[in-house]
Structures are given as structure tokens and as C-alpha cells.
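Q: A single structure is presented below for examination.
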Amino acid sequence: MEVCNQKSTIICSLTTNIVLGSIFYYYTFIVEKDEKCLATYISNTPQSLQLKNGRDIVDVSQNFDQVLKLYFWSIVVNVIQDILRLFFFSWDNRKIKNTILMLSLAYLVQLYAFVMNNIYRLRHEGMVCSGDYQTDEQKNEEFFKLTYIEQRGQFLWVFLIVNWTMVACGLCILLLCLAQSDSFVLLNVMQGLCV
């Protein structure tokens, strides 16, 4: 029974990673992939390509591309890890286990991508190129569609919200577990004192 539960957990993880990888593939390699958006911290509109020599101009499209690629390739590694775990589940091969363990380093890449997503998306320049400062009427203009990378920016924003929600839920669960274990320890200490 325990083997079935572990295998179903691996299958669930594999399915989740494939779906997530597909979404990141779409936003990394299809959506706005050739768009270029440059911004400065002093303007609420993107800058032209001719001003790129300025030292304060940030290539937001490159930053977003970097974050998306980090997430995508780390998810691909997670898919490979899940496939290895699924097919070599019952093997007692040291090399396979070490390979699976080494592939776990992809989680560090995801953590790095999460930090960079926070920095790049929440900086003023990231908000400018995502169209956060534009009204709905301005977003319908042709200039907006040609100079902003709104879809990528909105996707990274939603993914930030999902990530921070997961962090908050994880912390709540951790606190509940700690509170429960402390109560159990405290109860045992109190019973020991009364005896």
C-alpha cells in the first residue's frame, strides 16, 4: 500500500511538472519572445532602442526572459527527476539514486528564479514594461502592443502571487505543526511534573 502511495505521489508530481513546464514553455518561447522593452527608473514609459547607451536603461525583456528560462529548464530537470524516480522506483542502484539526488539541485535554481522574479518584476522598470502604469484605454493602443511586454509581465506577476501564497501556506502549516508538537511536549512535561 505504501508503494502505491509513493508511486501515485510521483505521478502527481510528474503531471504537475509537465503542465507547469508546458505553461512556462509557452511564455518563454512563444509569447512576446521577440519583443524588446527598455525602461529607466525615472520614466513611466518604455525607452527607445536608440537610448540603450544610457547607463540607467534596463533591458526588461532580457530580464524577464532570463527568469522564464530559469524556471522552464529547472522544471524540465524536475520532469527528468520524476521519470527516473518512477521507473527506477524499486531499484537499489546507487548511481540512479545519486543522479536523482543531484537533479534535486534544480530546486535551488527555482529558488534563484523566484528571487530574481521578485527583483525584476517588482522593480519600477519591470512594472513599466508590464504596463502597470497604463490605463485600459492606453493598453488598447497600437503603440502599447508594440512596445510593452504585458503578457509576460502579467504571467510573472500571477506566478509571484502563487509562489508567495504557497510560501505563506507552508509557513502556516509549519507553525501549526510546531504548535502542535510543542503542545504535545508541554503536555508530557506537565504530566511528568504531576506524577
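Q: Filter region 91-106 for residues that are modelled with pLDDT of 80 or more and not in a helix (DSSP H, G or I) and give the result.
A: SER104, LEU105
Q: Yes or no: ASN163 assigned to a helix (DSSP H, G or I), farther than 16 Å from PHE24 by Cα and under 10 Å from the mean Cα position of the chain (by Cα)?
A: No: the conditions fail for ASN163.
Q: Within region 146-158, can you find the residues that are without any contact (Cβ under 8 Å) to a residue 60 or more places away in the chain and more than 21 Å from THR40 (Cβ to Cβ)?
A: Scanning region 146-158 gives GLN154, VAL158.
Q: Residue pairs, Cβ under 8 Å, 6 or more apart or interchain, first in region 69-85 and more than 16 Å from VAL19 (Cβ to Cβ) and in contact (Cβ under 8 Å) with a residue 40 or more places away in the chain, second in a helix (DSSP H, G or I) and of a type outside the set (Ser, Thr, Tyr). List them.
A: Close Cβ pairs (under 8 Å, with a partner that is in a helix (DSSP H, G or I) and of a type outside the set (Ser, Thr, Tyr)) amount to LEU70/VAL109; LEU70/GLN110; LEU70/ALA113; LEU70/MET116; ARG85/ILE10; ARG85/ILE100.
Q: When only residues in region 4-22 that are without any contact (Cβ under 8 Å) to a residue 60 or more places away in the chain and among the hydrophobic types (A, V, I, L, M, F, W, C) count, which is surrounded by the most Cβ atoms within 10 Å (Cβ to Cβ)?
A: This residue is LEU20.
Q: Condition (residue is in contact with a Leu (Cβ under 7 Å, 6 or more places away or on another chain) and either farther than 20 Å from GLY21 by Cα or buried (at least 18 other Cβ atoms within 10 Å of the Cβ) (or both)) applied to region 122-144: is it met by at least one residue?
A: no
Q: Additional query: With the requirement that a residue be surrounded by fewer than 20 Cβ atoms within 10 Å (Cβ to Cβ), modelled with pLDDT under 90 and touching a Phe, Trp or Tyr at 6+ places or on another chain (Cβ under 7 Å), what does region 23-47 give you?
A: Correct list: ASN44 only.
Q: Could you give every pair whose Cβ atoms fall below 6 Å, whose first residue belongs to region 97-116 and is closer than 23 Å to TRP157 by Cβ and surrounded by 11 or more Cβ atoms within 10 Å (Cβ to Cβ), and whose second residue is modelled with pLDDT of 95 or more and hydrophobic (A, V, I, L, M, F, W, C), counting only separations of at least 6 or pairs across chains?
A: Cβ pairs passing all conditions: VAL109/LEU70; ALA113/VAL67; ALA113/LEU70; MET116/VAL67.
Q: Here is a check on your reading of the model: is PHE88 surrounded by fewer than 14 Cβ atoms within 10 Å (Cβ to Cβ) and either over 18 Å from the mean Cα position of the chain (by Cα) or modelled with pLDDT under 95 (or both)?
A: Against the criterion (surrounded by fewer than 14 Cβ atoms within 10 Å (Cβ to Cβ) and either over 18 Å from the mean Cα position of the chain (by Cα) or modelled with pLDDT under 95 (or both)), PHE88 does not qualify.
The values are calculated or read from the model by the stated rules, or taken from the named source; none is laboratory data. Because the structure is predicted, anything quoted here is derived from the model rather than measured. Using ideal geometry, Cβ is built from the backbone for each residue, glycine included, and neighbour counts are taken over all protein chains shown.
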